[in-house]
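First the structure, in the form of structure tokens, and then the observations on it.
The values are calculated or read from the model by the stated rules, or taken from the named source; none is laboratory data. As the structure is a computational prediction, the values presented were derived from the model and not from experiment. Cβ placement follows ideal geometry from the backbone for every residue including glycine, while neighbour counts extend to all protein chains displayed.
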Amino acid sequence: MSALPSVIFDLDGTLLDSLPDIQAAVNRMLVAEGLEPLSAATVRGFIGDGLPVLVSRVMAARGIDASRLGELSARVGADYTAHAADQTVVFPGVIGALSQLRELGHPLGLCTNKPYNATVAVLKALSLFDFFSSIIAGDSLPQRKPAPEPLHAVRDALGRSGIFVGDSEVDAATAGAAQMPFVLFADGFLRVPKSEITFNAEFEHFDALPGIIAQLSRLV
């Protein structure tokens, strides 16, 4: 019997509902600048492409000079890292699905555009860190998703073929670029209609994921 493939996960919007803490960090920066905070819906639409892109979109929405991107990204990043698990929660069924996949023999990895320090902080706070044998974050490599290099790096570190699980059009594009099967978590941060992305399977609750992985494992 051939070795089971690795299962690689996105983080925000896939394993975690992290919107409240991301919104809070963004709005603390805006209030400190004397500006109006942004709604959860607006911030949700800015998530997925990494911290600098998130902050640049926030700045554009509030008319902040683009030359301050480095300064404000560092401020938001440090603030968020310190409060990454204040309001963030793990989606229902995640712990059980990760446990089952690991017990079956699937190596588990993480591929996120969130900065590494913030990623580790929230994973440890929510008791998820020990599930993952490889983590590539938004500042781990020169490239970030949707470039294929981060996903390839996790797969190569795990030493198996891979299946990618994510929630967004960025994740779908990453899987496509990496030529890897993609499983869509349908209750995440997708910003476009599902008809506009390519995926091999989808699910709404993590109880369904091990069965989907078992089916896709026959194809990789």
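Answer yes or no as to whether Leu101 is buried (at least 18 other Cβ atoms within 10 Å of the Cβ), among the aliphatic types (A, V, I, L, M) and more than 15 Å from the chain's Cα centre (by Cα).
yes
Only residues that are free of Cβ contacts under 8 Å to residues at least 24 places away in the same chain and closer than 12 Å to Ala25 by Cβ: list them for segment 53-73, please.
Ser73
Find the helices (runs of 4 or more DSSP H) located wholly in segment 1-105 whose residues include 2 or more that are under 21 Å from Phe132 (Cβ atoms) and of a type in the set (A, V, I, L, M), and list them.
Per the criteria, 94-104.
If I ask for residues that are among the basic types (Lys, Arg) and over 30 Å from Phe203 (Cα atoms), which ones from segment 57-98 would you list?
Arg62, Arg68, Arg75
Taking the criterion of being surrounded by fewer than 17 Cβ atoms within 10 Å (Cβ to Cβ), of a type in the set (Ser, Thr, Tyr) and over 18 Å from the mean Cα position of the chain (by Cα), would at least one residue in segment 62-80 satisfy it?
yes
Looking only at segment 78-118, how many residues end up being without any contact (Cβ under 8 Å) to a residue 60 or more places away in the chain and in contact with an Asp or Glu (Cβ under 9 Å, 6 or more places away or on another chain)?
Going through segment 78-118 one residue at a time, the tally reaches 3.
From the list Thr112, Thr174, which one is within 15 Å of the chain's Cα centre (by Cα), farther than 24 Å from Gln215 by Cβ, of a type in the set (Val, Ile, Thr) and crowded, with 18+ Cβ neighbours inside 10 Å?
When all the criteria are applied, what remains is Thr112.
Would you check which residues across segment 151-184 are polar (S, T, N, Q), touching a Cys at 6+ places or on another chain (Cβ under 9 Å) and over 18 Å from Leu15 (Cα atoms) and list them?
Passing the criteria: none in range.
Could you pull out the residue among Leu11, Leu54 that is assigned by TED's automatic domain parsing to the domain that holds Glu204 and within 18 Å of Asp171 (Cα to Cα)?
Going through Leu11, Leu54 in turn, just one is assigned by TED's automatic domain parsing to the domain that holds Glu204 and within 18 Å of Asp171 (Cα to Cα): Leu11.
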